[in-house]
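Since the structure comes first, as structure tokens, the remarks are kept for the end.
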Amino acid sequence: KRRTMAAVQPPPISFARFAKDFFLAGVSAGVIALMRAPFERVRLLLQVQRSIIPSTSFEGIIDCVTRVYREQGFLSFWRGSLPIVVFRYWPTATLNFVLGRTVKDLFYSRLRTRSGWKFVLASIAAGSFSGFLGLCLVYPLDLARTRMAADVGSGLTREFTSLSHCLLSIIRSDGIFGLYNGFATSILGVVVYRATFFAIYDGLAGLVPRNVSPWKRILTNWAFAQTVTILSGAITYPIDTVRRRMMMQAGRAVVEYTGQWDCWRKIAATEGLQGFFSGYSAMLITAITMPIVLVFYEELQRAIFPSRPLPANPGNNADNIGA
């Protein structure tokens, strides 16, 4: 009789493992989010400066950093970061880790081997689906972070004084759906980013030799993740620019774009290709921190669970991180 391979069975779900993953994911993402917050705010300001009211124009990263420090103070580089880390980054990271693990088990359960084109497609589908579920829950917080970071006011001239003020102001003006302005573009970005980042990362990380020193393993994984992050970011950055511009219209009586396709058309017509990549140089700086989350989480797992068998693919945790 022909012998057939059994399908890969998902591991049993443990509450203790869930709680530890929840803690590790939240701590990793929260610490890194606070570290990258100043660079992220500079990137957002450059990216949406044409949509900021009152009109603001920065000549580049240095000019942006200098003016923000001079006009708004040093702590303004973390404007809105602490509540966003608690209410947005922590839920996003934990949702992506937990949902990602569960969804991957569902998609992988019928695969005979974790290799080949079926595995690549399953990785893309699992990462995109878990990202979609997480985005549905935390998108209003992502929009609020964008609006608060793009607020160039100081003192009484600030547009929003707190996270709750931002959310409630948009709801009063546009209703609950105003908090999802640009959501369709974000879904497109999730699919494209996951397809380029996670599939390629898993494939490259599988080439890393396992019997190497810890530091060599860390540096190699980091280098792989760094390369793929930059490439994926370059491909999806125009999509992110469009969704940020759409976010900037939420709660406003006068809007510049009638929809996402109108936004694409107007940016191309008035700003050219450069308009889609405004702030990209600052993104390259923040991109350095993304792979650190992956490596940090891996090494925390190794330190806290030394007896746990290592995953078959060192990059398996990568597709649980949100874009």
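What follows draws every value from the coordinates through simple rules; no lab data is involved. None of the values given here were measured: they were computed from a predicted structure. When we count neighbours, we look across all protein chains shown, and the Cβ atoms used for this are built from the backbone with ideal geometry, even at glycine.
For LEU168 and ILE230, what does the FRET efficiency come to when R0 = 45 Å and r is the distance between their Cβ atoms, rounded to the nearest 0.05?
0.75
Whole-Hz ³J(HN,Hα) for each residue in the range 265-281, computed from phi via Karplus 6.51 cos²θ - 1.76 cosθ + 1.60 with θ = phi - 60°, x for glycine and proline: what do you get?
In residue order, the calculated couplings are 5, 6, 5, 5, 6, 9, 10, x, 4, 4, x, 6, 10, 4, x, 5, 4 Hz.
Using a simple spin-label model with points 7 Å from Cα along the Cα→Cβ vector, what separation in nm is obtained for GLU71 and VAL254?
Output for this residue pair reads 1.9 nm.
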